[in-house]
Amino acid sequence: MKMNLADRRSIRRYTDQPVPQERLEELLSLAFRASNTGNMQTYSVIVTRDKERKRALAPLHFNQPCVLSASVVLTFCVDFRRFSDWCLASDAQPGYDNFLSFYGATIDSMLVAQAFASLAEQEGWGLCFLGTTNYNAAGICDALHLPQLVFPVTTVTLGWPDELPELSDRLPAQGLIHLESYQEGDVKALYAAKEALPQMRRFVEENGKRTLAQVFTDVRYPKESNEAFSDALLSAIQRQGFHL
Ligand SMILES: Cc1cc2nc3c(=O)[nH]c(=O)nc-3n(C[C@H](O)[C@H](O)[C@H](O)COP(=O)(O)O)c2cc1C
């Protein structure tokens, strides 16, 4: 099934049918048409098809099953290496190992990843972004042999869909759109419909919590673990040669 934005959903189960390499590269090339800072194209994509390499990546993604079952695992990376090397080879002094450059290249990498995701979903492929890249970035750098000034930003598992999950909810758009200047609204009203969803009520109950927000703060993304993974992420970025 080809997905438009209105009915798109993350797909985590895939058939055994491979995603053709040639078409994959065509769609990645199209995605590289996305806007990017200064047209420096400071990103790279690592395409993982090999089973052993997927096995090496899987634990770094907390063994999410989609890593092994995907036809392809794509790791979108900040890449200031290629551009800096080109500068050095051209009698130009690069100055891109700073936070601003890293941040800009991160945005550009995500724009490419999302442009690719939209194209892939229109092609009838299914995919899921993996934020676990941010949790185990150092290990991913090692597994993919990323050199200095290259850093993994996000991972996309990709394949032919073998499921059609329910559409997930979204907050009312009016609560996310601010006319002319930021307006602080009634957040409890904004989240009311989400909190009332039967699956969210179940989620709260199963986790032994009183509110849905507590499931996020106490179970899914607690402060202590956010801070520990945040420190690890910062050191991984620095280890790749960026000075933050
Ligand atoms: C940056 C990013 C990281 C994500 N990480 C994960 C992940 O590690 N595992 C997973 O199953 N889904 C992951 N997702 C998918 C989200 O859970 C999903 O997009 C969200 O729940 C909304 O569902 P939908 O995409 O089906 O509309 C991620 C999505 C994004 C954009």
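When residues of the range 147-161 are filtered for being more than 10 Å from the ligand (Cβ to nearest atom) and either in a helix (DSSP H, G or I) or crowded, with 19+ Cβ neighbours inside 10 Å (or both), how many remain? Number of matching residues: 7.
Among residues that are part of a helix (DSSP H, G or I) and more than 15 Å from the ligand (Cβ to nearest atom), Leu57 is not included.
Here is a yes/no grid of residues against (1) in a helix (DSSP H, G or I); (2) away from the ligand (no atom under 16 Å from the Cβ):
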| site | (1), (2) |
| --- | --- |
| Ser109 | yes, no |
| Thr132 | yes, no |
| His145 | no, yes |
| Leu179 | no, yes |
| Ala189 | yes, yes |
| Lys209 | no, yes |
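Here the range 119-130 is the region considered, the condition is being assigned to a helix (DSSP H, G or I) and more than 16 Å from Thr75 (Cα to Cα), and the residue that is farthest from the chain's Cα centre (by Cα) is Gln122. For the range 211-240, residues that are touching an Asp or Glu at 6+ places or on another chain (Cβ under 6 Å) and outside any helix (DSSP H, G or I) total 0.
The number of residues in the range 67-85 that are in contact with a strand residue (DSSP E or B) (Cβ under 7 Å, 6 or more places away or on another chain), outside any loop (DSSP other than H, G, I, E, B) and more than 23 Å from Leu111 (Cβ to Cβ) comes to 2. Among the conditions (1) away from the ligand (no atom under 16 Å from the Cβ); (2) in a helix (DSSP H, G or I); (3) crowded, with 19+ Cβ neighbours inside 10 Å, the only one that Tyr96 does not satisfy is (2).
Is at least one residue of the range 43-50 closer than 21 Å to Gln148 by Cα and touching an Asp or Glu at 6+ places or on another chain (Cβ under 6 Å)? Within the range 43-50, one or more residues are closer than 21 Å to Gln148 by Cα and touching an Asp or Glu at 6+ places or on another chain (Cβ under 6 Å).
Does Arg239 satisfy the criteria of being under 26 Å from the mean Cα position of the chain (by Cα), farther than 27 Å from Leu68 by Cα and surrounded by 12 or more Cβ atoms within 10 Å (Cβ to Cβ)? When the stated conditions are applied, Arg239 passes them. Here Ala89 passes the criteria (1) among the hydrophobic types (A, V, I, L, M, F, W, C); (2) within 16 Å of the ligand (Cβ to nearest atom); (3) surrounded by fewer than 16 Cβ atoms within 10 Å (Cβ to Cβ) except the one numbered (2).
Looking across the range 74-100, the residues that are touching a residue at least 60 places away in the same chain (Cβ under 8 Å) and polar (S, T, N, Q) come down to Thr75, Ser84, Asn98. Candidates are the residues of the range 162-177 that are more than 12 Å from the ligand (Cβ to nearest atom) and surrounded by 12 or more Cβ atoms within 10 Å (Cβ to Cβ); the one that is farthest from Gln64 (Cα to Cα) is Gly175.
Consider the range 120-130 and keep the residues that are touching a helix residue (DSSP H, G or I) at 6+ places or on another chain (Cβ under 7 Å) and closer than 12 Å to Val19 by Cβ. The one that is farthest from the ligand (Cβ to nearest atom) is Glu123.
Within the range 14-33, if we keep just the residues that are surrounded by fewer than 17 Cβ atoms within 10 Å (Cβ to Cβ) and either among the β-branched types (Val, Ile, Thr) or within 18 Å of the chain's Cα centre (by Cα) (or both), the residue that is nearest to the ligand (Cβ to nearest atom) turns out to be Thr15. Entry remark, the range 48-62: residues being surrounded by fewer than 16 Cβ atoms within 10 Å (Cβ to Cβ) and within 16 Å of the chain's Cα centre (by Cα) number 1 in total. Tyr103: out of contact with any Pro (no Cβ under 7 Å at 6 or more places or on another chain), free of Cβ contacts under 8 Å to residues at least 12 places away in the same chain and not in a loop (DSSP other than H, G, I, E, B), yes or no? Criteria met by Tyr103.
Read-outs throughout are calculated quantities, based only on the coordinates presented, and are distinct from any laboratory measurement. Bear in mind that the values here come from a model prediction, so they are computed numbers and not experimental data. Note that we place each Cβ from the backbone using ideal geometry, even for glycine, and neighbour counts take in every protein chain shown.
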